[in-house]
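Just below is one structure, and these are the notes that go with it.
The values are calculated or read from the model by the stated rules, or taken from the named source; none is laboratory data. All values derive from a computational prediction rather than experimental measurement. Cβ placement follows ideal geometry from the backbone for every residue including glycine, while neighbour counts extend to all protein chains displayed.
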Amino acid sequence: MSAAGARGRILAVNAGIAIIRGERGEVSVRAQPGWQAGDLVDDLTVVRAYDAGDYPGPKTEVARLPRPRLDALHGRAQALTALRAFFAAREFVEVETPLLVPSPGLEIHLDAVRAGGGYLITSPEYQMKRLLAGGFDKIYQVCKCFRGGERGPHHASEFTMVEWYRAFDHLDTIMKDMESLVHTVVRAVSHASTVKIGARTIDVTPPWPRLTVREAMKKWANVEIAGDEPAADLVAKVRRADVKVADGTAWDDAFFAAFLARVEPAIAALEHPMILEDWPAPLAALAKRKPADPLTALRFEAYVGGIELANAFGELTDPVEQRSRFEEDLRIRGERNREVYPIDEKLLAALAEGLPPSAGIALGFDRLVMLATGAASIDQVLSFTADEL
Amino acid sequence: MYDTSDIRKGLKVLMDGNPFTVIEFQFVKPGKGAAFTRTKFKNLLTGAVFERNIRSGEKLEPANVETRDMQFLYREAGDLVFMDQTNYEQVSISIDLIGASHDLMKDNLPCTVVFFNERPVDVTIPTFVFLEVTASEPGVKGDTSGNVTKPATVETGAEVAVPLFIRVGDTIKIDTRTHEYVERVAK
């Protein structure tokens, strides 16, 4: 069949997509607004044609998911099964907390999605901590979270988070959990201890190499971070390292300018996973400061092949400091014209009642599936992306 | 005004009086850090490409550019002649504006032409074209391993590397971005 000049009859048409049988019996699919079933058409440019015997039936090319997507979704299901088995074997209790809440996460750089007079959660953290205060020791959850405006190769506005917490335990235990979980899930899906990132093969067998954030910033960005320097001093240090930042840049923005320009690309190029621990206090978020070193927070982040996989805290349990951090975050949100959310008073009440010393972590499940299946984009491991709805 | 959530490939914006089109963009959001969109722009007049980080909340000015669907008619010296299918107006456009893929263009090919101040500044041709092979040496029998290719000439005169099983008279699908053979269109 020559592509141009073919003739055929439209078998069916829906939303501008037509199934056409050409004059030689081949069946093809193409789009043309205005066509109706039964029309005779000339001069077809055949996008993809099947011999009559190969015609795939009513599942047309339009409805059918491409093979790599089907495989990735099977991988996703295996990952979820392996993950639940992992936590069951360690006697964690799976919990489900509400997705629709009156007070979403107050982080400065996250925007919650409004729904039903409240907000969809940006993370299940607040309610899970209330469960810890209520008497649970080891809990985990796999749930959807929603973050307005996030859309990229590693981001989707609606995504799946895995969070787990250990009461009366340390951040180191959480780190070991995380390394084993990633290793277990990768093995369950790919039957290997390695993940493929482009042309690279990265071994995720524990333990993973670690650096402190200060070491990493010194090594790759040549910036010495104190943690209590004024923002203007950090801006000057970052400029001396040849990274552009504007006058009046806030402490965290100046930090991330250097971090994203120098440290993240270096970590992304490593042939092994990397854990960055001991974050400077201004980036503590909901982490406790180290008792012996108040300029450093008990926080780590895990990276594999350029993917930021997980963020963990030795949890802040002091209700007074928690309230002052919430208020500070809301003040900054107000200054930057971002929506100011209500403070979750029930969380603060639970902290006041007594949250045991705890450590917890949030891990992006979609990103874990990307690693396990070798997908280059989060789109490839979602059943449907927002654009496909 | 556009904000960062409007950024997509092909968005036309005005910066310092020049029209730019977005050719690549990536959402970047470090954990606990501020989000921005790392955006690569092409100057529609000079073709120069540069990268800028647009912070969430920043605004971009739309460029006053017009996009018209046009049909490629024929070649004339170093120019290609296009026709607007709504008013039959014809426009000559320099081959330089189209680049290496111009030799894959067959008569009647539907294209999109961008005008800035009435001047054609950008031409987008379909990502895939379907062209008949007009000349190619027969492949050597037995050598059917994966990546062996041979040159073939298609009806527009362009040369494309094709697998050995392709014969004169076959219609092949070609990616105009890479100038590469994609697949044979079934007989």
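Among the strands (runs of 3 or more DSSP E) confined to the range B:1-63, the ones with at least 2 residues that are surrounded by 13 or more Cβ atoms within 10 Å (Cβ to Cβ) and more than 14 Å from every other protein chain (Cβ to nearest Cβ) are located at B:12-15, B:18-28, B:36-43, B:59-62.
Yes/no matrix, rows are residues, columns are (1) in the same structural domain as A:Met178 (by TED's automatic domain parsing); (2) of a type in the set (Ser, Thr, Tyr); (3) farther than 23 Å from A:Met128 by Cβ; (4) buried (at least 23 other Cβ atoms within 10 Å of the Cβ):
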site: A:Lys288; (1), (2), (3), (4): yes, no, no, no
site: A:Ile332; (1), (2), (3), (4): yes, no, yes, no
site: A:Leu348; (1), (2), (3), (4): yes, no, no, no
site: A:Thr373; (1), (2), (3), (4): yes, yes, yes, yes
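The residue list B:Leu45, B:Leu60, B:Leu97, B:Leu73 contains one member that is at pLDDT 90 or above, over 30 Å from A:Gly149 (Cα atoms) and not hydroxyl-bearing (Ser, Thr, Tyr), which is B:Leu73.
Just one of the listed residues (A:Ala268, A:Ala221) is without any contact (Cβ under 8 Å) to a residue 60 or more places away in the chain, away from every other protein chain (no Cβ under 13 Å) and either on the phi < 0 side of the Ramachandran plot or not basic (Lys, Arg) (or both), and it is A:Ala221.
Which strands (runs of 3 or more DSSP E) does the range A:273-350 wholly contain that include 1 or more residues that are within 24 Å of A:Asp366 (Cβ to Cβ) and more than 13 Å from chain B (Cβ to nearest Cβ)? Of the strands (runs of 3 or more DSSP E) lying wholly inside the range A:273-350, those with at least 1 residues that are within 24 Å of A:Asp366 (Cβ to Cβ) and more than 13 Å from chain B (Cβ to nearest Cβ) span A:274-280, A:293-304. Restricting attention to the range A:236-246 and to residues that are more than 20 Å from B:Arg55 (Cα to Cα) and part of a helix (DSSP H, G or I), the residue that is nearest to the other protein chains (Cβ to nearest Cβ) turns out to be A:Lys237. Among the residues of the range A:247-256, are any within 11 Å of chain B (Cβ to nearest Cβ), in a loop (DSSP other than H, G, I, E, B) and under 19 Å from the mean Cα position of the chain (by Cα)? No - not one qualifying residue is present in the range A:247-256.
Of the listed requirements (1) touching a residue at least 60 places away in the same chain (Cβ under 8 Å); (2) surrounded by fewer than 20 Cβ atoms within 10 Å (Cβ to Cβ); (3) of a type in the set (A, V, I, L, M); (4) touching a Lys or Arg at 6+ places or on another chain (Cβ under 6 Å), A:Val381 misses just one: (2).
Name the residues in the range A:351-389 that are assigned to a helix (DSSP H, G or I) and of a type in the set (Ser, Thr, Tyr), would you?
To start, the set of residues in the range A:351-389 that are assigned to a helix (DSSP H, G or I) comprises A:351-354, A:365-373, A:378-381, A:386-388.
A:Thr373 - this is the single residue of the range A:351-389 that is assigned to a helix (DSSP H, G or I) and of a type in the set (Ser, Thr, Tyr).
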